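Participant: Handing you this structure, nothing more for now.
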Amino acid sequence: MKSAIFAVLVACLVMSSCTKDQIKSYPEEDPLLEFLAVSGFSETTARIVNSGNYEFGITFTSKVNGMIKAIRIKIPDNATNIRVTFWDASNQEVIRTETVNNVSNGIDLVHDIQSLPIEMNKRYTITFNSDDWYIRKRVDDTPAMYPITVGNITIESYGSGTGRQQVFPTLTSTSYYAGDLFSFSNKLIKQH
């Protein structure tokens, strides 16, 4: 009986130490500025205001499982009710829609959201719809080379779609980035 209890205790200790080894927390990641620098799209910036609505965004994967906790948005005009959409990029289906209120001209706004789980190696797209944006390019107009990895996030492509409708962006470009929009996580959790 004592050996059976001992075996159960040893099994519990082994399982709890394995569980601790299987989960590792990473610091918050907000890859926008590094993405702009690595891509070269931080070299020139133009402000586009009241120029017709587009659905802009990036497709990305994460190297680890995690939670998106906030959205960063910046446009060159004042706006209310900016629609931000998270998509499953594989089937182009909406995962979640968020509305960001009271965006001020040229001010970086971080909008907290209810945690959105992201799975390692799953393709996601995040978009926003606006008639105001920054267009960012390289000085020599050469294209960026995708994918671009920043920390645990790999940006696969940039895309857009025309109009006010909530449509998956199918027009891609490697010669510029129109935004600024990014999501970032409070913690990314690596599970073995």
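Participant: What list of ³J(HN,Hα) values in whole Hz, one per residue of region 98-114 in order, does the Karplus curve 6.51 cos²θ - 1.76 cosθ + 1.60 (θ = phi - 60°) give from phi, with Gly and Pro shown as x?
Facilitator: Per-residue couplings from phi come out as 10, 10, 9, 9, 6, 7, 9, 3, x, 9, 5, 10, 9, 10, 5, 10, 5 Hz.
Participant: To continue, here is another question. Please give the net charge around Asn81, taking every other residue with its beta carbon less than 14 angstrom from that of Asn81, where Lys and Arg add +1 and Asp and Glu add -1.
Facilitator: Net charge around Asn81: -2.
Participant: Using a Förster distance of 25 angstrom, determine the FRET efficiency expected from the C-beta separation of Arg138 and Asn53, and round it to 0.05.
Facilitator: Using R0 = 25 Å, I get an efficiency of 0.45.
Participant: For Val64, what residues show an amide H to amide H distance below 5 Å, using hydrogens built from the backbone and excluding near sequence neighbours?
Facilitator: Here the answer is Asn121, since their amide H atoms fall under 5 Å of that of Val64.
Participant: Each residue of region 167-178 in order: what ³J(HN,Hα) in whole Hz does its phi give by Karplus 6.51 cos²θ - 1.76 cosθ + 1.60, θ = phi - 60°, with x for Gly and Pro?
Facilitator: Going residue by residue, I get 10, 5, x, 10, 8, 9, 8, 10, 9, 7, 10, 10 Hz, with x marking Gly and Pro.
Participant: Further, regarding this structure: Classify region 23-101: rounded, prolate or oblate, from the alpha-carbon gyration tensor (a ≥ b ≥ c, eigenvalue square roots; a/c under 1.5 rounded; otherwise prolate if a/b is larger than b/c)?
Facilitator: Oblate, since a/c reaches 1.5 and b/c is not below a/b.
Participant: So, one more: Shape of region 30-182 from its Cα gyration tensor (a ≥ b ≥ c, root eigenvalues): rounded if a/c is under 1.5, otherwise prolate when a/b > b/c, or oblate?
Facilitator: In terms of gyration-tensor shape, rounded.
Participant: Here is a further query. According to a simple spin-label model (label point 7 Å from Cα along Cα-to-Cβ), what is the distance in nm between Asp131 and Lys63?
Facilitator: Each label point is offset 7 Å from its Cα along the Cβ direction, giving 4.2 nm.
Participant: Right, something else. Give the residues of region 133-150 whose amide nitrogen is closer than 18 Å to a point set 7 Å from the Cα of Thr44 in the direction of its Cβ.
Facilitator: Backbone N within reach: 133-145.
Participant: Work out, step by step, the length gained on full extension between Ser175 and Asn121: first 0.36 nm times the residue separation, then minus their alpha carbon distance; give nm to one decimal.
Facilitator: 16.9 nm
Participant: Add +1 for every Lys or Arg and -1 for every Asp or Glu among the other residues with Cβ under 12 Å from the Cβ of Thr149, and state the total.
Facilitator: -2
Participant: Per-residue HN-Hα couplings for region 116-122, Karplus 6.51 cos²θ - 1.76 cosθ + 1.60 at θ = phi - 60°, whole Hz, x for Gly and Pro?
Facilitator: 10, x, 10, 9, 4, 6, 8
No value in this document is a laboratory result; all are computed from the given coordinates. Small disclaimer: the values here were computed from a predicted structure and weren't measured. Don't worry about glycine lacking a Cβ; one is built from the backbone with ideal geometry, like all the others, and counts go over all protein chains shown.
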